[in-house]
Each structure stands twice: as C-alpha cells, then as structure tokens.
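The block underneath contains the structure these notes are about, expressed in structure tokens.
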Amino acid sequence: MSSYAQKKEPFLVNPEDPRNPGSLGHPIGCKPCNKYKPERPNDSCKHAATCSFCHGKDHERPKHRGQRGRHALQRRQFLESRDVLNDQLVLIIDRIYKEPHEIMDEIKRRLRDEYTPGTPEWDREVAYLVGEIANIGDKAQNQRPDNARVRKARAEQPPESSQVDLESRCKWYTGTLHLMVRKMWDEHQPEDKKLEDINKIVTESLGLFKALVDTLTKRLEPSFRSEETVKAAVVENAWLAEPLLELVQKEASAASLPSIQQVLENEVWKELKVCLPRLRPEATEGEKATVSRKSMSSAESLEELLRLVKDCVDHDAAGILGQLVALGRCERWTSISSFFRSAR
C-alpha cells in the first residue's frame with residue numbers, strides 16, 4: 001500500500017460522544033463551547049478535539065448575531081423594559097431612535113429635489129453622507145468605557161467592500177449610539193453623573209448628525225457644484241485644481257457675476273475643459289517640461305492658462321509622435337498629428 005493510501009482520515013467529531021478535554025465529565029462541572037454547533041461538529045469549533053470547553057449537544061448556546069441583529073435585539077429589549085428604566089434615560093434613548101430618522105428623511109427629500117436616485121451625482125452625495133455618518137458614529141463609539149477594545153476591533157475589520165445605503169447607515173448609527181449609552185449606564189458611578197455625561201454626549205452626537213442637513217444644502221448649491229466641476233476638470237493634474245478655481249473665481253468677481261457658473265459657460269472655459277484631460281502630468285514635470293507647473297499656476301487669466309496648456313499638449317503630442325516615427329511604428333504620422341490638432 002502506498003504512503004498516500006496510508007494517510008489517516010481527518011479527525012471526525014462524534015456529537016453523540018465528544019472526546020475533547022472540555023467534554024470529559026459532562027454534564028457535571030463542564031462549561032459549554034459557544035462556538036461549537038452539534039449540526040456542524042467538524043468545522044464549527046476550530047479547536048475541535050483539543051477544545052477545553054464542552055461539546056455536549058444538549059447545552060443551550062447563545063445565537064451569534066451580526067451587528068444588525070445585535071442592534072435590533074438591544075432595541076427590542078429596551079422597548080420591553082422601558083417601564084422599569086430611569087425616566088430620563090428612556091427620554092434620551094427615545095431621542096436616539098427618533099431624531100436621526102427625522103433628519104434622514106429631510107436629507108433624502110433634499111437629495112431627491114436635486115438628483116435622480118442612481119445617477120452619478122446621487123451616488124456621489126450618498127457616498128459622502130455615508131462616510132460622514134460613519135465618522136459621527138465612530139466618535140460616539142470612542143466615548144464608550146471600552147473604547148480601546150472597540151478601536152482594536154475596528155482596526156482588525158476589513159474595509160467595507162459594498163456600498164452602504166443611507167437608511168442602513170442611519171440604523172447602524174442609532175444602534176451604535178444606543179450601545180454607547182448602555183455601556184456608560186453599566187458603569188459603577190452615581191446615576192446623576194451618568195445621566196449628565198450620557199445626555200451631553202448624545203446631544204453633541206445628534207447635533208453633528210443634524211448638521212449634515214446644512215452641509216448637504218451647501219453641497220447642493222450651484223456655487224459648490226461649480227467648484228466641484230472646476231476641480232474635476234483637471235483630471236489627473238490635481239496640482240492645478242486650486243489655481244484653476246482661483247482664476248475662475250477671479251474672473252467671476254471681475255465681471256460682477258453672481259456665480260462662477262456663468263464663467264463656466266463661456267467659450268474659453270469650454271475649450272480649456274477639452275484640453276485639460278490631454279495634459280499629461282509627466283509633460284509638466286522636470287527640466288524638460290515645455291511649460292512648467294509654476295507658469296500655469298501663476299497664469300493671470302483663463303485665456304493665458306489655455307494658451308499654456310495648448311502649448312504643452314501640442315509639444316507633448318509632437319514628441320510622442322516623433323518617437324513613434326523613429327521606432328517605425330507610425331507611418332502616417334502626419335494624419336495623426338492633424339488629428340491631435342483638430343481634437344483640441
């Protein structure tokens with residue numbers, strides 16, 4: 001028989017008669033293994049035959065819930081026990097479940113007034129708000145007495161791989177804030193002191209959440225959207241974003257225009273917006289750059305910047321075409337050169 005054929009079969013746990021150290025003596029004096037599941041005896045507990053807790057199948061074991069399930073459970077427990085809880089504590093927790101959802105309804109209303117769900121603009125604002133709510137929730141979690149453990153747990157978690165919608169993030173926030181209150185209430189301190197601290201932190205956190213409405217309102221204003229349009233126009237040349245925005249604002253101010261949106265409607269801007277994506281970052285760096293970044297950053301007008309960008313793009317395109325010709329890879333370089341000029 002070959003050595004391969006002689007290999008032992010993997011250890012299989014018998015749920016009727018577990019033999020791991022923690023199960024010996026069952027049911028007297030043993031402690032149940034909360035990871036072990038009788039219906040999955042071979043892969044539920046990673047310690048298997050060496051586990052120091054009991055794998056007896058007749059033990060009652062807690063159900064392991066995800067974060068959403070734990071938050072739902074704590075709310076249900078609160079509703080069931082609110083009649084015996086401190087009245088001020090109940091009022092604070094009621095605020096936690098009421099105010100964020102009212103604020104979220106206002107946020108979604110304002111979003112729908114401006115954008116259609118599923119459009120890039122909608123997704124951009126939702127992603128921004130989801131991130132801001134996560135930051136507010138994290139700040140609340142850091143107020144918990146066990147904040148060091150919470151930070152460690154978050155650091156060990158992989159980054160979120162899927163888009164979280166506003167409603168889910170709002171529910172996460174309320175559950176997180178409620179959990180913070182529970183942890184603080186369990187501390188061994190006078191009730192008056194705990195209520196004062198809890199009320200202060202919850203009021204501050206809800207204030208930050210409510211401020212999202214004002215933040216979103218500003219982001220939806222034409223002037224803000226125009227600024228985003230200007231910054232997005234530079235594509236890969238992030239270094240040019242601030243100088244370009246300053247030029248647009250300067251020209252809007254010089255012409256006494258009510259917003260920079262009107263500057264973005266003139267022909268110079270339209271031509272500049274077409275040229276900027278062709279401005280390769282490599283072409284503006286180093287001593288061999290036809291036009292330096294310093295020159296573009298200090299342009300006095302959009303027309304001057306447009307001329308500098310055109311010069312750089314033309315020179316860069318000619319250099320690339322020249323290399324292709326030298327390598328014998330572009331026989332019709334004249335027509336390609338004409339294409340670059342006509343596409344400006």
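The values are calculated or read from the model by the stated rules, or taken from the named source; none is laboratory data. Since we're looking at a predicted model, the values are computed, not measured. So basically every Cβ, Gly included, is an ideal-geometry build from the backbone, and we count neighbours across all protein chains shown. These accessible areas exclude ligands, DNA and RNA; they are computed on the full protein's heavy atoms, side chains included. Shrake-Rupley method; radii C 1.70, N 1.55, O 1.52, S 1.80 Å.
Numbers for the structure displayed
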{"read-out": "Test: residue in the stretch 311-318 that is at pLDDT below 90, open to solvent by less than 70 Å² (accessible area, probe 1.4 Å), charged (D, E, K, R) and within 30 Å of Glu221 (Cβ to Cβ)", "value": "no"}
{"read-out": "Residue in the stretch 201-222 that is touching a Pro at 6+ places or on another chain (Cβ under 9 Å), open to solvent by less than 40 Å² (accessible area, probe 1.4 Å) and modelled with pLDDT of 90 or more present", "value": "yes"}
{"read-out": "Tally, over the stretch 229-269, of residues that are part of a helix (DSSP H, G or I) and either open to solvent by less than 20 Å² (accessible area, probe 1.4 Å) or touching a helix residue (DSSP H, G or I) at 6+ places or on another chain (Cβ under 8 Å) (or both)", "value": "22"}
{"read-out": "The listed residue being over 30 Å from Phe224 (Cα atoms) and either of a type in the set (A, V, I, L, M, F, W, C) or open to solvent by 30 Å² or more (accessible area, probe 1.4 Å) (or both), out of Arg76, Arg109, Arg124", "value": "Arg76"}
{"read-out": "Residue in the stretch 137-145 that is touching a residue at least 24 places away in the same chain (Cβ under 8 Å), outside any helix (DSSP H, G or I) and open to solvent by 40 Å² or more (accessible area, probe 1.4 Å) present", "value": "yes"}
{"read-out": "Scope the stretch 166-196; condition within 15 Å of Leu85 (Cα to Cα) and open to solvent by less than 30 Å² (accessible area, probe 1.4 Å); matching residues", "value": "His178, Val181, Met184, Lys194, Leu195"}
{"read-out": "Candidate set: the stretch 1-20, residues that are closer than 16 Å to His59 by Cα and open to solvent by less than 80 Å² (accessible area, probe 1.4 Å); chosen: the one modelled with the highest pLDDT", "value": "Asn20"}
